[in-house]
Amino acid sequence: MRLSRYFLPVLKETPREAQIVSHRYMLQAGMIKQASAGIYSWLPLGFKVLRKIENIVHQEQERAGHIAIQMPTIQSADLWRESGRYDAYGEEMLRIKDRGGREMLFTPTAEELVTDIFRAHVTSYKDLPLTLYQIQWKFRDEVRPRFGVMRGREFYMKDGYNFDLTKEDALHAYNRHLVSYLRTYERMGLQAIPMRADSGPIGGDDTHEFLVLAETGESEVFYDSQITDLKLGARDIDYDDHAACAAVLDEFTSRYARTDETHDEALFNEIPEERRRTARGIEVGQIFYFGTKYSEAMGALVDDGKGGKVPVHMGSHGIGVSRLLGAIIEASHDDKGIIWPEGVTPFHCGIVNLKQGDAEADAACQSLYDSLTALGLEPLYDDRDERAGAKFGTMDMIGLPWRITVGPRGLKNGVVELTSRRTGESEELPPADAVAKIARIYQGIA
Ligand code: P5A
């Protein structure tokens, strides 16, 4: 993409309404624009990152054997009456009437709708296990929408639902989700710690939230510092292997880590004092096992193979896809702007032409652009007629991990400059070597 033809409305001034850095940078980098309280338009740069995050989520869901569907955002109140949640959900639910006076709502989550799909089509244990998921907009009329996409009213969520014959199988689905979530967050450059939590309006006893530690997080968390040493890394866990998934759950949840909802001071104090940590965290996901809560209420039964009909065991699992943009920025920025991890960056690298209009510099930039593009990479070429300082400022704010700077002086010696956004370190090298280096960095990522 050439910056002169792109739509990147970078703000010169610091937006006053933003209280936390991710919100400020998302506005300043021209990623989002507020439409009304807690509701945002996604501008090109923000939309690109949202799509990258969404793709990672899809890939990891598919790897775990989960099947994508798409359910509507507007649902009938009748279904929610069957589960008893229409009244129980309270003011967070946006309720709408259609022209016939029928009560509808904008989905805050979709346990009821997916259970309705299941009961219409699945009648036998032979069709289990089954996990259906979607990535879809949700609406919750939060009392205090704030911090931009962190706590929106409209937000983008991956929501998945497992259907199993037995509790044991459903607990395997729970563990499998835990493993796949750890992988998903690590690919985005995040450490998200599973913590025992409270199930709230979704229900059930078993539930873990995934928290990214950040000073601006809304949740207070208590944990054993040893937990931050854990990493899934390159381990290739077989998602069908119950014992292997359960072992990961044990490894990642055996140490004390809880949100304030479930915090137990006495248990916490059993950890050696030097390992006790109190901090704040951003909740980027949550997994639930709630058994037959919805299947019993809504009659989602299957033949059990022994002549009987039994309600299926279920759980649901959510990732805050739009919130993740905020969480990643909170975890990865400096005072000049965002620093995108390679896995989610909107463009793979920037090309800065220090002397637009100079025949040699223009040709070198164009050639770099073509070579990178031919390799399947997406560069953002700042071809505007602007001062170098302004070009660097924009690149630093929007946070592309790599920048190639091209100027007549370097070109005389046959070199361009390659700079890491994270470390600030630069090296001079021939253009072809810069391209090769960037291609190597993104191998297996892009
Ligand atoms: C699990 C999927 C559920 O709704 N039902 C379907 C279950 N879980 S949850 O914890 O309530 O939400 C899942 C994740 O969505 C994100 N989230 C939000 N993101 C932005 N703004 C909001 N107002 C908001 N509310 C929830 C969180 O990341 C949460 O973990």
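Annotations
- Semi-axes of the equivalent ellipsoid for segment 299-361, computed as √(5λ) from the eigenvalues of its C-alpha gyration tensor and ordered from largest down, come to 55, 16, 7 Å.
- Note on A359 and A77: the model spin-label points, each 7 Å out from Cα along the C-beta direction, lie 7.4 nm apart.
- Value of D in µm² per second that Stokes-Einstein yields for segment 28-114, Kirkwood Rh from Cα pairs, at 37 °C (0.692 mPa s): 208
- Reachable lysines, given that their alpha-carbon falls under 16 Å from the alpha-carbon of K391 and they are not under 8 places away in the same chain: K12, K336, K355
- Residues of segment 1-134: accessible area per residue with a 1.4 Å probe, Å²: 51
- Nearest-10 value in Å² for the accessible area of I117, using the 1.4 Å probe: 60
- Candidate lysines for bridging to K167, where Cα separation is under 19 Å - those fewer than 8 sequence places away on the same chain excluded: K126, K293, K306, K309
- Value of Rg to Rh for segment 134-269 (Rh from inverse mean 1/r over Cα pairs, i.e. Kirkwood): 0.96
- Efficiency of FRET from Cβ geometry, H263 and D335, R₀ 25 Å, rounded to 0.05: 0.15
- At the listed q of 0.25 Å⁻¹, the Debye profile of segment 347-446, built from one uniform point per Cα, gives log10 I(q)/I(0) equal to -1.55.
- Semi-axis lengths (Å, descending) of the ellipsoid that matches the C-alpha gyration tensor of the chain: 43, 24, 22
- For segment 207-324, the direction-averaged projected area of the alpha-carbon convex hull comes to 10.7 nm².
- Directionally averaged projected area (convex hull, Cα atoms, segment 343-388), nm²: 3.4
- Rounded Å value of the spacing that divides the Cα centres of segment 116-154 and segment 366-420: 41
- Remark on S219: its backbone amide H falls under 5 Å from those of G281, E283, a criterion applied only to residues 5 or more positions apart or on other chains, H modelled at 1.01 Å from N.
- If you look at the Cα atoms of segment 203-255, you get an Rg and a Dmax of 13.5, 38 Å.
- A full extension of the chain between E342 and D433 corresponds to an added length of 30.9 nm, given 0.36 nm per residue minus the alpha carbon distance.
- In whole angstrom, segment 1-153 maps to an equivalent ellipsoid with semi-axes of 35, 23, 13, each derived as √(5λ) from the alpha carbon gyration tensor and ordered largest first.
- Å² of accessible area per residue within segment 373-420, as computed with a 1.4 Å probe and no ligands counted: 42
- Prolate/oblate/rounded label for segment 71-136 (Cα gyration tensor, a/c 1.5): prolate
- Per-residue packing, averaged as other Cβ atoms within 10 Å, sorts the ranges 106-116, 410-420 into the order 106-116, 410-420, beginning with the highest.
The values are calculated or read from the model by the stated rules, or taken from the named source; none is laboratory data. Just so you know, these numbers come straight off a predicted model, no measurement behind them. Please note: Cβ atoms are built from the backbone with ideal geometry, for glycine as well, and neighbour counts cover all protein chains shown. With ligands, DNA and RNA removed, areas are computed over all heavy atoms of the protein, side chains included. Shrake-Rupley method; radii C 1.70, N 1.55, O 1.52, S 1.80 Å.
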